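Structure, as structure tokens:
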Amino acid sequence: QRIALVGDLANGRTARSLASMLTLYDNVKIFFVAPDVVRMRDDIKEELTAKGVEWEEASDLREVAANVDVLYQTRIQRERFGDRTDDYEAARGKYIIDPAIMEIMPKESIVMHPLPRLDEIDPECDSDPRAAYFRQAKNGLFVRMALLKLLLNP
């Protein structure tokens, strides 16, 4: 499986934990696509390498999107930048999934996002059957409900 993690990879807990979880699977290749100021940190890259997971840093979203099974997009979080507004503005909006990106993606691929989103996924993509982020959120709700039931009703 080929998975692209896109956006704030340095701070986003979902992207970092997903990359770590993917070490449990065989035949996985991960592409990290992020602005320089929010690239995936070395601790995760070292873990992947130690566990034999192939990974690559890339800067061309179009090239990566054309060759992945899953495109996992995250938002650039303003609150992570503090007073560094110039860095935030440079990173924000650099990688956006729009109809042109969807057009080049494989027909069997999916787009995921932990939500909420800002402008990193064009709402025109929402009706594409490969846009899995609303299903992802709905399924997450059911999983959390089941976990709470297990914890509160042993």
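The values are calculated or read from the model by the stated rules, or taken from the named source; none is laboratory data. Note that the coordinates shown come from a computational prediction; the quantities given were computed from them, not determined experimentally. All Cβ positions, glycine included, derive from the backbone under ideal geometry; neighbour counts span all protein chains shown. Heavy atoms of the whole protein, side chains included, go into the accessibility calculation; ligands, DNA and RNA do not. Shrake-Rupley method; radii C 1.70, N 1.55, O 1.52, S 1.80 Å.
Would you say Glu57 is farther than 27 Å from Ala137 by Cβ and under 14 Å from the mean Cα position of the chain (by Cα)? Yes, satisfied. Considering each residue of the range 76-85 in turn, none proves to be modelled with pLDDT of 95 or more and out of contact with any Lys or Arg (no Cβ under 8 Å at 6 or more places or on another chain). Restricting the first member to the range 49-69 and to residues that are in contact (Cβ under 8 Å) with a residue 12 or more places away in the chain, and the second to residues that are part of a loop (DSSP other than H, G, I, E, B) and β-branched (Val, Ile, Thr), the beta-carbon pairs closer than 8 Å and six or more apart or on different chains are Val53/Val28; Glu54/Val28. Scanning the range 1-39 for residues that are open to solvent by less than 20 Å² (accessible area, probe 1.4 Å), in contact (Cβ under 8 Å) with a residue 40 or more places away in the chain and assigned to a helix (DSSP H, G or I) yields Ala15, Val38.
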